[in-house]
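The values are calculated or read from the model by the stated rules, or taken from the named source; none is laboratory data. All values reported here derive from a predicted model rather than from experimental measurement. Here the Cβ is made from the backbone with ideal geometry for all residues, glycine too, and neighbour counts use every protein chain on show. Please note that ligands, DNA and RNA were not included when accessible areas were found on the heavy atoms of the full protein model with its side chains. Shrake-Rupley method; radii C 1.70, N 1.55, O 1.52, S 1.80 Å.
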Amino acid sequence: MVNKIAKKRTYLDIIADMLSIADKGNGMKKTHLMYHTNLSYNQLRCYIDFLVKMDLLEVIKQSKDNIYRLTNKGRKFLEEYRKLKGLLTKAST
């Protein structure tokens, strides 16, 4: 039996997860982001507030729902994050 140790996600990993998910389709509702990122509602709210404030996510109002969608700045952040993650992964092997 192989013993797998769960690795905790960093703050940046969670942000990257949220941005990746919000980039699918035409954005995501808050509930879908919460389920896909495995965050509590309060945690998710803090991250969303930060990401909107930093202009990495935008809020699109659709009837009574808010849809969260990746901005161009968010897309650029995600590209740079993936490059850095790739470099670090190569360096550790």
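Note on region 61-72: residues that are more than 14 Å from MET18 (Cα to Cα) and surrounded by 12 or more Cβ atoms within 10 Å (Cβ to Cβ) total 1. Can you name the residue in region 19-32 that is within 8 Å of the chain's Cα centre (by Cα) and under 22 Å from LYS64 (Cβ atoms) and is also most open to solvent (accessible area, probe 1.4 Å) among such residues? By that ranking, first place goes to ILE21. If you go through region 4-49 and pick out every residue that is closer than 16 Å to GLU80 by Cα and outside any loop (DSSP other than H, G, I, E, B), you end up with 10. Per this entry, VAL52 is not counted among residues that are open to solvent by less than 80 Å² (accessible area, probe 1.4 Å) and not in a helix (DSSP H, G or I). Check off (1) open to solvent by less than 80 Å² (accessible area, probe 1.4 Å); (2) without any contact (Cβ under 8 Å) to a residue 40 or more places away in the chain for LYS83 and give me the number that stays unchecked. The one condition LYS83 does not meet is (1). Contact map, region 40-69: residues that are more than 11 Å from LYS30 (Cα to Cα) and free of Cβ contacts under 8 Å to residues at least 60 places away in the same chain paired with residues that are open to solvent by 50 Å² or more (accessible area, probe 1.4 Å) and among the charged types (D, E, K, R), Cβ distance under 6 Å, separation 6+ or inter-chain. Pairs shown: ASP55/LYS73; LEU56/LYS73; GLU58/ARG69; ILE60/ARG69.
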